[in-house]
Amino acid sequence: MEEEKIYKVVRATGAWDLAIGIATIILGLGAGIMLVISGAKLLSSRSKIMF
């Protein structure tokens with residue numbers, strides 16, 4: 001009986017860890033894509049901002 005409780009806790013913890021990991025990857029990719037787009041816009045208009 002005790003082993004079943006431990007199994008349920010470990011399973012729930014693993015599921016949460018997996019969900020948090022996937023969310024972190026998605027947020028990281030989104031931030032990276034936005035940074036690349038922002039950098040490309042700056043490079044395309046660098047002649048306007050050069051002193």
Taking the chain as the reference, fit the longest principal axis to its C-alpha atoms, fit the long axis of helix 2-44 to the helix C-alpha atoms, and give the angle between the two in degrees, 0 to 90, nearest 10. 0 degrees
Residue separation between V36 and K5 times 0.36 nm, minus their alpha-carbon distance, gives in nm 6.5 nm
Run the helix sum for the chain: -39,500 (n - 2.57) per DSSP H stretch of 4+ residues, divided by residue count, reported at 222 nm to the nearest 500 deg cm²/dmol. -32500 deg cm²/dmol
Once you have the alpha carbon radius of gyration of the chain, what is it after dividing by 2.2 N^0.38 Å, with N set to its residue count? 2.25
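Computed from the coordinates by the stated procedures, all read-outs in this text should not be read as laboratory data. Worth saying up front: this structure is predicted, and the values here are computed from it rather than measured.
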